[in-house]
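Presented below is the structure to which this report refers.
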Amino acid sequence: MKKNIQKGIALPVTKEKELVVLVADNTMKESINSLLLNRQTSLGISIARDKFDIFTHPGHDPGCCKNGVDFLMPLSSRYKYALMLFDYEGSGSEDKSVEEIEEKIKVKLRQNGWADRSEVIVIYPELENWVWSSSPCLSGIIGWRNQPVGLQQWLLNEGFIKKLQQIKPKRPKEALEAVLQKIKKPRSSSIYKEIAEKVSVNGCQDRAFNKFVETLRLWFENSGV
């Protein structure tokens, strides 16, 4: 790390901001932004609004996977930490495991200015897996009102889940799209934003989301920012 010399003492260079997040699309950006702005207490972190930035890669998921390191490389002197998130499906690297993709990109980030100050999170199979939870407010957010059966029962009837106790459909994106089509509600990033604002972050069963929370806590827990 570069140093500043002040009165004979080597001090770490102060970064302009604490965190840069690179994501695949605006829906993911809205979700992450909402979590960082509105759920800090639930996440157990502290970071000021003017200390983080979120960017979308113009190449979306495959762009993050293949060129995300190039995007983040020139930012290593401005930000203390870097976080990259994108979907597994559509990334162009489905022949590799989630862990293999993450580690390969993280090694490249280490070699291109980020040292141990970065993390890569590949969401399997896609962001919609974060949507589905046992929260009682989920049906209302999605807009499943005045329907003859409950949301979970409908998912079971349509074959998206195999039993009522199954929280997350195997095909989460297709399930959400089918629900929205059923109730004639357009799919928009505002749905993801509201879910991020209101649905409990505790007890989530998604590997990527838990890694996201653990990473933020490692970097920003009790930071006093």
Query raised in the report: Is there any pair linking a residue in the range 207-219 that is β-branched (Val, Ile, Thr) to one that is open to solvent by 10 Å² or more (accessible area, probe 1.4 Å) and at pLDDT 95 or above, with Cβ under 7 Å and at least six apart or on different chains, and which?
Result: THR215/GLU119
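State which residue is farthest from ARG171 (Cα to Cα) when the search covers only the range 64-123 and only residues that are of a type in the set (Gly, Ala, Ser) and open to solvent by less than 40 Å² (accessible area, probe 1.4 Å).
Of everything passing the filter in the range 64-123, SER76 is farthest from ARG171 (Cα to Cα).
Do you know which residues across the range 186-225 are aliphatic (A, V, I, L, M) and assigned to a helix (DSSP H, G or I)?
Kept after step one, since they are aliphatic (A, V, I, L, M), are these residues of the range 186-225: 191, 195-196, 199, 201, 208, 213, 216, 218, 225.
Matches in the range 186-225: ILE191, ILE195, ALA196, ALA208, VAL213, LEU216, LEU218.
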Report summary line: Within the range 11-32, the count of residues that are open to solvent by 40 Å² or more (accessible area, probe 1.4 Å) and in a helix (DSSP H, G or I) comes to 3
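Looking at ILE142, ILE167, can you tell me which residue is among the β-branched types (Val, Ile, Thr) and either surrounded by fewer than 17 Cβ atoms within 10 Å (Cβ to Cβ) or farther than 17 Å from LYS193 by Cβ (or both)? Before the answer, list the steps.
Values: ILE142 fails: either surrounded by fewer than 17 Cβ atoms within 10 Å (Cβ to Cβ) or farther than 17 Å from LYS193 by Cβ (or both).
Criteria check complete, one pass: ILE167.
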Query - Among (1) touching a residue at least 24 places away in the same chain (Cβ under 8 Å); (2) open to solvent by 20 Å² or more (accessible area, probe 1.4 Å); (3) among the small types (Gly, Ala, Ser) - the single one ALA196 does not satisfy - result: (2)
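How do the helices (runs of 4 or more DSSP H) wholly within the range 82-185 filter down when requiring 1 or more residues that are hydroxyl-bearing (Ser, Thr, Tyr) and free of Cβ contacts under 8 Å to residues at least 60 places away in the same chain: which remain?
On the way: elements: 98-109, 138-142, 151-157, 172-182.
Result: 138-142.
The values are calculated or read from the model by the stated rules, or taken from the named source; none is laboratory data. What you see is a predicted model; the values in this text were computed from it and never measured. Every residue, glycine among them, receives a Cβ derived from its backbone with ideal geometry; neighbour counts consider all protein chains shown. Just the protein is used for accessible areas: all its heavy atoms, side chains included, with ligands, DNA and RNA removed. Shrake-Rupley method; radii C 1.70, N 1.55, O 1.52, S 1.80 Å.
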